[in-house]
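J.: Below is one structure. I have some questions about it.
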């Protein structure tokens, strides 16, 4: 998470304060309320992502991140697919996320994976784009 927060702080105009963003508390990131995923290469953490339930059958994708050293390897797409699988296992049929305009590669990934722009559904101070996807095959 520290690497993720540091990257956002570098990339966002005016920086990033995790305390000002909407939370993803630890207890929300374990079944049956959510999941926390990490990918590593040769013991080095290179990606992460979280899913948490926000309402019956609705979930939020949080803290998706891929290290600079692992970009371009398809890890972001694999992490997104794994997060969607976890969401399905939690009974989530609609997965939402918010992101910032400076994260152009994230916006491109979400759009190419079937996420569609929707009206703002929260008041995250760093969000400029909100997306939603209906998941097929949710339990």
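J.: Quick check on this structure: which one of 77, 57, 33 is in contact (Cβ under 8 Å) with a residue 60 or more places away in the chain and either within 18 Å of residue 96 (Cα to Cα) or crowded, with 17+ Cβ neighbours inside 10 Å (or both)?
T.: Result of the check over 77, 57, 33: 57.
J.: If you go through the stretch 103-121, how many residues are surrounded by 14 or more Cβ atoms within 10 Å (Cβ to Cβ) and closer than 15 Å to residue 4 by Cα?
T.: Matching residues across the stretch 103-121 total 2.
Read-outs throughout are calculated quantities, based only on the coordinates presented, and are distinct from any laboratory measurement. The structure displayed is predicted, hence computed values, not measured ones. Backbone-built Cβ (ideal geometry, glycine too); neighbour counts: all protein chains shown.
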